[in-house]
Structures are given as structure tokens and as C-alpha cells.
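Report on one structure; see the data block that follows.
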Amino acid sequence: MIIREASKIDYPQLRQIYLESRRKSFHWANTEEMNLDDFDRDTTEEYILLAEENSRILGFASLYLPENFIHNLFVHPDFSGKGVGTQLVNHAIEKMGKPARLKCVSENHKALGFYEKSGWKKVVEEGKPGEKYWVLIFE
């Protein structure tokens, strides 16, 4: 598996991963409102790392570098649980340095478990009812 910076030529695959992953995992969200253009809107001005194997993109992380913040981490559903997310997070921390931060929707129990198992610490839960999320930090 190779971790590298994404380029515009990768965006069609990244858009598809973003859409498919959210539709499959975000049971609390209205998946009918999700579309391919969401990726471009949700990664504006971010540095994007991707995981690739045999010319297929397995997942990506988008980073807001000025704040050492992982904004998005998505793995294609076919490759979930195979270490792709761990590799992306490790490379993201390498790129940004510590402490690193991220937010995770409170309803996303699978992702919260992944982050906590990887050494991230919950700091505070924020947001209004129905839109709560945890702020996590990695030091």
C-alpha cells in the first residue's frame, strides 16, 4: 500500500469513495441528500492524502494543515478493517505533527472506537442535539 498526496486526477475516485462510505456508514444522516459534489465542497483548501494499491484508491484523509486537523478520513467500504485508516492517520500525524485534532460524530461508534484504540483521547462533546460530535486529540 502506498500513501501519497492526492492530485486532481484522483478526484473522481475520491468523490466516489466519499459518497459510498457515507451512504453505507452514516445511518443517522439522510443519504438521499448526499452526492458526488460533496467531496469538493468538504475538502476545500485541504491537503489530501490517499492510500493506493495496484492503482486503486482505497481511502483518503483530508487535512486542514494550519490547525493540525484531520477533517475527513474515509476508507472504501470494501477495504474497511484492513489497516487503511490506520496508515492514513499515521501519515497524517507525520505530515502535521502533534498535537493533532479531529471531530467525530457521536453517533459514529465504529469510528470513535477506531480512534480511541489508536490512542486518540476524547476531549469534549459539542453540538446541538441530533448533531453532537466529539473533539479528539492525539498528543
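The values are calculated or read from the model by the stated rules, or taken from the named source; none is laboratory data. Computed from a prediction, not measured in an experiment: that's the story for all the values here. Note: ideal-geometry Cβ built from the backbone for every residue, glycine included; neighbour counts use all protein chains shown. What goes into the accessible areas is simple: the full protein's heavy atoms, side chains included, and nothing from ligands, DNA or RNA. Shrake-Rupley method; radii C 1.70, N 1.55, O 1.52, S 1.80 Å.
Data table
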quantity	calculated
Criterion: of a type in the set (D, E, K, R) and closer than 18 Å to D10 by Cβ - qualifying residue of R56, R101	R56
Residue in segment 101-110 that is under 18 Å from V135 (Cβ atoms), without any contact (Cβ under 8 Å) to a residue 12 or more places away in the chain and either out of contact with any helix residue (DSSP H, G or I) (no Cβ under 6 Å at 6 or more places or on another chain) or part of a loop (DSSP other than H, G, I, E, B) (or both) present	yes
Candidate set from segment 112-128 (those that are in contact (Cβ under 8 Å) with a residue 12 or more places away in the chain and small (G, A, S)); member that is nearest to E139 (Cα to Cα)	G119
Complete set of residues in segment 107-139 that are in contact with a strand residue (DSSP E or B) (Cβ under 7 Å, 6 or more places away or on another chain), hydroxyl-bearing (S, T, Y) and open to solvent by 40 Å² or more (accessible area, probe 1.4 Å)	Y133
Contacts under 8 angstrom Cβ, first residue in segment 41-55 being in contact (Cβ under 8 Å) with a residue 12 or more places away in the chain, partner in a loop (DSSP other than H, G, I, E, B) and open to solvent by 30 Å² or more (accessible area, probe 1.4 Å), 6 or more apart	A51/M1; E52/M1; E53/M1
Set S62, S80, S21: member being open to solvent by less than 20 Å² (accessible area, probe 1.4 Å), among the hydroxyl-bearing types (S, T, Y) and without any contact (Cβ under 8 Å) to a residue 40 or more places away in the chain	S62
Flag for E32 being exposed (fewer than 14 other Cβ atoms within 10 Å of the Cβ), assigned to a helix (DSSP H, G or I), without any contact (Cβ under 8 Å) to a residue 40 or more places away in the chain and not small (G, A, S)	yes
Boolean, E52 is among the acidic types (D, E), open to solvent by less than 50 Å² (accessible area, probe 1.4 Å) and not in a loop (DSSP other than H, G, I, E, B)	yes
Qualifying residue in segment 74-82 (condition: part of a strand (DSSP E or B) and not hydroxyl-bearing (S, T, Y))	yes
